[in-house]
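The values are calculated or read from the model by the stated rules, or taken from the named source; none is laboratory data. Keep in mind that this is a model prediction, so the values were computed, not measured. Neighbour counts run over all protein chains shown; Cβ positions are idealised from the backbone, glycine included. For the accessible areas, the whole protein counts, side chains as well, though only heavy atoms, and no ligand, DNA or RNA atoms are used. Shrake-Rupley method; radii C 1.70, N 1.55, O 1.52, S 1.80 Å.
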Amino acid sequence: MFVWLGCLSLAAAAQEQQPWRHLVSRTHTPDSLDVARLNHKAFWRAGAETVGFNIGLWAFDRYVQKGHYAYISWSTIKENFRHGFEWDNDHLSTNMFAHPYNGSLFFNAGRSNGFNFWQSELFAIGGSAMWEMFMECEYPSTNDIIATPIGGAAIGEVLYRTADLIIDDRSRGAERFGRELAAFVVNPMRGFTRLVTGRAWERRSTSGRRYGIPPVSVELSLGSRYITMLNGGEGRKAGGALEIDIEYGDRFAPSAKAPYDWFSFLMELNAVKTQPLLGRVEITGRLLSKELLDKPSLKASVGMYQHFDYFDSDTIRRRDENANPLTPCVVPYKLGTPACVGAGAMGRYIPSPGWAIDGHLHLSGMVLAGILTDFYRDHHRNYNWGSGYSIKGVVELRVPGNRFSVTVAEQFYKVFTWTGFDSAYGWATSPGGEPLNIQGDTSRASFNHLEFMAKWRLFHRLSVTAGLDFYTRITHYRNTHVSFDAWSTDWPIIESRQLGLHILLSYSI
């Protein structure tokens, strides 16, 4: 990702300043020769890359990692088909990010060999099914067969279009090597396809980009972050933070049917003790849209959007083993929505020259989601699986000259865990002692993220960003009995509230 940002900055022929965005390069449409060439479908090569990746990953797990799950045989394969799918207990980062990332490689086996967005999803489904049924001696995972292909399409299309910006078949020498290496890092499957087809060193009169150069803005932010519990005892952590924020395409382009011709991407990385390196990933990709208004002072559109959201944190205070079990979990929050799609509306109001108010509203259904729980513990899992819906809204005000902006963002998620356990049998085992095939605690939970952000532009590309984040999780547990000292309660309700602060120095590429 960092290599890609550097390549774009260095290779930009000219910088193009729009009233509301600083673009990394001049925009231009793709060459028709490149479009025709890259639309040529190579099914057998795409299939071989999908199967080959699975075999290579299995070999690494078996002979290098020596993972117990990689010792497969015909007996384990038959048992997988006999037993069928069940919910697994891996880490949130494994199930909600690593598996979708693997899905992006399957997806890009199709995309890199001429298939469109929807057709490439079939390769993601096929690659995921092959891994679940054949390549592990653990039972196939219900959550993986959902998260891997659907989340993989979101990550995969972002990486495909990002790598497309880097490639330039007209370049040569050190520049060409740097571009090919950067494209390979960003999108390994496309980089591999270019190697086996010879395109990685073939020099042409056109760029070799499938989508040309659309409007793209990139912002890098570096600074510090602070988080603290607001209930359930004191606890706080502070450290460094890095953010990458990308907007690709024109959010108010005329009615469009090409998936991800507009998307936004946000990644937050932490350098905070006890906290995960990857703290947050958000992708919003437009699947189709219809323009409603296109006036000088007012623009509006509606459409269908895919969402990929990932929030992760870890312990920020020491656990008291003798504490009331209704005390909120010492981990601030965890949430993942790898399979989420819904309707959205975007608008911009320009009350006077230089002033602008941007806003968008999204209502989506979550086929699969995971959210932190206070009770369920089995293997690496401290979250419940479920499904539900999300509501997102953002309002941003910018002043003339784009020197100052204020943003208020609200994200609300409702997660219903349908298949839980009866607490009379214990937290993680059935009466016979076998692991339960369940989503976690039977519950309904909400997660709310309210964010206030202000940005001051210091120089042409340099800004200071200050933000305030409020995180609230409320979980209503069912079929759950909790006792403590001389009292007990059924169907408890637990609320957890956290505060986050960040101050960042932001640079527009």
- line: Descending packing, highest mean Cβ count within 10 Å first, for 127-139, 171-183, 362-374, 448-460 is 362-374, 127-139, 171-183, 448-460
Residue order for V272, V302, V64 - accessible surface, 1.4 angstrom probe, largest first: V64, V302, V272
query: For K455, which lysines qualify as cross-link partners when the Cα separation must be under 23 Å and same-chain residues fewer than eight apart are set aside?
result: K392
- prompt: Taking R0 as 56 Å, what's the FRET efficiency between Y101 and R403 from their Cβ-Cβ distance, rounded to 0.05?
  reply: 0.90
message: Could you work out the pair-distance distribution P(r) of the chain from its alpha-carbon pairs, with 20 angstrom bin width and percents rounded to whole numbers?
response: 21, 53, 24, 2, 0
- request: Would you please put 113-122, 78-87 in order of how densely packed they are, using the mean number of other Cβ atoms within 10 angstrom per residue and starting with the highest?
  value: 113-122, 78-87
- line: Filtered hits (lysines, Cα-Cα < 18 Å from K237, offset >= 8 within chain) -> K273, K334
task: Might you report the magnitude of the Cβ-based charge dipole of the chain about its Cα centre, with Lys and Arg at +1 and Asp and Glu at -1, to the nearest 20 debye?
output: 1680
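Could you tell me the calculated FRET efficiency between L57 and A454, based on Cβ-Cβ distance and R0 = 30 angstrom, to the nearest 0.05?
Between L57 and A454 the formula returns 0.10.
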Packing-based ranking, highest mean first, of 30-36, 376-382 given that Cβ atoms within 10 Å are counted: 376-382, 30-36
- request: Output the Kirkwood hydrodynamic radius of segment 26-143, Cα pairs only, in Å rounded to one decimal.
  value: 15.8
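For the chain, report the accessible area per residue in Å² (1.4 Å probe, heavy atoms, rounded to an integer).
Details: 22100 Å² over 509 residues.
So the chain comes to 43 Å² accessible per residue, rounded to a whole number.
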- prompt: Nearest 20 debye, what's the magnitude of the dipole of segment 73-229 about its Cα centre given +1 on Lys and Arg Cβ and -1 on Asp and Glu Cβ?
  reply: 980
field: Straight-distance crosslink candidates among aspartates and glutamates, where the alpha carbon sits under 17 Å from K257 and sequence neighbours closer than 8 are dropped
entry: E121, E157, E291
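Can you give the net charge of the other residues whose Cβ lies under 9 Å from the Cβ of I371, counting K and R as +1 and D and E as -1?
Net charge around I371: +2.
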statement: A 1.4 Å probe over the protein heavy atoms gives the chain a carbon and sulfur accessible-area percentage of 62
statement: Projecting the Cα atoms of V464, I509, S496 onto the charge dipole of segment 440-509, where Lys and Arg contribute +1 and Asp and Glu -1 at Cβ, the residue farthest towards the positive end is I509
task: Would you mind giving the three semi-axes, in whole Å and largest first, of the ellipsoid equivalent to segment 197-307 according to its Cα gyration tensor?
output: 36, 24, 12
message: Out of the GluC sites (Glu not before Pro) in segment 212-250, which ones are loop residues according to DSSP with at most 12 other C-beta atoms within 10 Å?
response: E234
field: Spread of Cα-to-Cα distances over 10 Å intervals beginning at zero, given as percent, for segment 361-415
entry: 20, 31, 24, 17, 8, 1
message: Please compute the modelled spin-label separation between V341 and L222, points set 7 Å along Cα→Cβ, answer in nm with one decimal.
response: 4.0
With all protein chains modelled, accessible area of F404 [1.4 Å, Å²]: 60
- prompt: Which FRET efficiency value, to the nearest 0.05, do you get for T76 and R236 by plugging their Cβ-Cβ distance into 1/(1 + (r/R0)^6) with R0 = 60 Å?
  reply: 0.80
